[in-house]
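I have placed the structure first, in the form of structure tokens, so that the comments after it can refer back to it.
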Amino acid sequence: MTPATRQEVLGLYRKILQIAKKWQSASGQIEETMREKEYIRNEARTLFRKNKNVTDPKLIKQCIEECEARIEIGLHYNIPYPRPIHLPPMGLAHKQGRMLRHQEKLRKISKPIYLKSHDEVS
């Protein structure tokens, strides 16, 4: 990891911790706010520790993009949890046939970047 990339990653981690410190839940309830703050800290800690040994520059870039996307979506919608995608079971069928293998491939391709690591951790 280059020093510039390391600084970028550490900056994102600090940014997430600052967001967690200032976070207010949409409902305004203290218990829910505390749960969401704890979730933000735990999720960041888990994902950053999981990816600390990643050395491939492309994979590092993908992780950074996912982190930035999750930050932006969380701040925009005021929810710390990843937004799920809703696709009908055969909604991505290929025009020439409805093969299960093809469906699984299309679902994997269509998964938003901000959900890539969430499924691995959950």
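Quick one: would you say Leu12 is farther than 15 Å from Ile79 by Cβ, open to solvent by 40 Å² or more (accessible area, probe 1.4 Å), out of contact with any strand residue (DSSP E or B) (no Cβ under 8 Å at 6 or more places or on another chain) and hydrophobic (A, V, I, L, M, F, W, C)?
no
Any idea how many residues of the stretch 17-72 are open to solvent by 50 Å² or more (accessible area, probe 1.4 Å), free of Cβ contacts under 8 Å to residues at least 60 places away in the same chain, under 21 Å from Thr5 (Cα atoms) and not hydroxyl-bearing (Ser, Thr, Tyr)?
16
Out of the stretch 40-59, which residues are more than 14 Å from Tyr13 (Cα to Cα) and either in contact with a Cys (Cβ under 9 Å, 6 or more places away or on another chain) or in a helix (DSSP H, G or I) (or both)?
Those that are more than 14 Å from Tyr13 (Cα to Cα) and either in contact with a Cys (Cβ under 9 Å, 6 or more places away or on another chain) or in a helix (DSSP H, G or I) (or both): Val54, Pro57, Lys58, Leu59.
The values are calculated or read from the model by the stated rules, or taken from the named source; none is laboratory data. This one's a predicted model, so the numbers in the text were calculated from it and none came from an experiment. Backbone-built Cβ (ideal geometry, glycine too); neighbour counts: all protein chains shown. For the accessible areas, the whole protein counts, side chains as well, though only heavy atoms, and no ligand, DNA or RNA atoms are used. Shrake-Rupley method; radii C 1.70, N 1.55, O 1.52, S 1.80 Å.
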